[in-house]
Amino acid sequence: MQKGLFNITGDGDTTTLVPIESTLGNITSIRITNVNASNSLTVDLFLEDSAAAKSYYLKSTVIPAVTTLLLNEDLSFDSSVLNLKITTTGTSPNVSVIVKG
């Protein structure tokens, strides 16, 4: 079952992939693709509670140009109390994210 498709182009922007108080925390995979043809990308992927406390799946992880990172193990979480968010930084970031459950 498809959870979400995201195209992110902002430098330093944080995007909510799974919002708190949803029923979407049963995730089987997250695919993060750096679509930019020449620039690498730095990614933070994390869970955040209502008090803005964070637990990271990825912290300052560099994804080279035209490369996909697939996460497919131990991704489920309690989305009734946690958000899943991603922050992307880099020169002209162009990121495609697919969240599946």
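The values are calculated or read from the model by the stated rules, or taken from the named source; none is laboratory data. Small disclaimer: the values here were computed from a predicted structure and weren't measured. Every residue, glycine as well, gets a Cβ built from its backbone with ideal geometry; the counts of neighbours run over all protein chains shown. Keep in mind that these areas ignore ligands, DNA and RNA; they rest on the heavy atoms of the full protein, side chains included. Shrake-Rupley method; radii C 1.70, N 1.55, O 1.52, S 1.80 Å.
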query = Taking the stated definitions as given, is residue 87 closer than 17 Å to residue 32 by Cα, in contact with an Asp or Glu (Cβ under 6 Å, 6 or more places away or on another chain), touching a residue at least 40 places away in the same chain (Cβ under 8 Å) and of a type in the set (Val, Ile, Thr)?
reply = yes
ask   = Which one is nearest to residue 80 (Cα to Cα), of the residues in the range 53-66 that are open to solvent by less than 50 Å² (accessible area, probe 1.4 Å) and of a type outside the set (Val, Ile, Thr)?
value = 58
key: Which numbered condition residue 4 fails, given (1) modelled with pLDDT of 95 or more; (2) in a strand (DSSP E or B)   = (1)
request  = Return a yes/no flag: does the range 40-48 have any residue that is part of a loop (DSSP other than H, G, I, E, B) and in contact with a Ser or Thr (Cβ under 9 Å, 6 or more places away or on another chain).
outcome  = yes
inquiry  = Anything in the range 1-52 that is of a type in the set (Gly, Ala, Ser) and open to solvent by 50 Å² or more (accessible area, probe 1.4 Å)? List them, or say none.
reply    = 37, 38, 40, 50, 51, 52
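Every residue, every condition in (1) of a type in the set (S, T, N, Q); (2) part of a strand (DSSP E or B); (3) over 17 Å from residue 8 (Cβ atoms), yes or no:
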| position | (1), (2), (3) |
| --- | --- |
| 51 | no, no, yes |
| 56 | no, yes, yes |
| 59 | no, yes, yes |
| 62 | no, yes, no |
| 74 | no, no, yes |
| 78 | no, no, yes |
| 81 | no, no, yes |
| 86 | no, yes, no |
message = Which count do you get for residues in the range 74-88 that are over 11 Å from residue 18 (Cβ atoms), at pLDDT 95 or above and open to solvent by 20 Å² or more (accessible area, probe 1.4 Å)?
response = 1
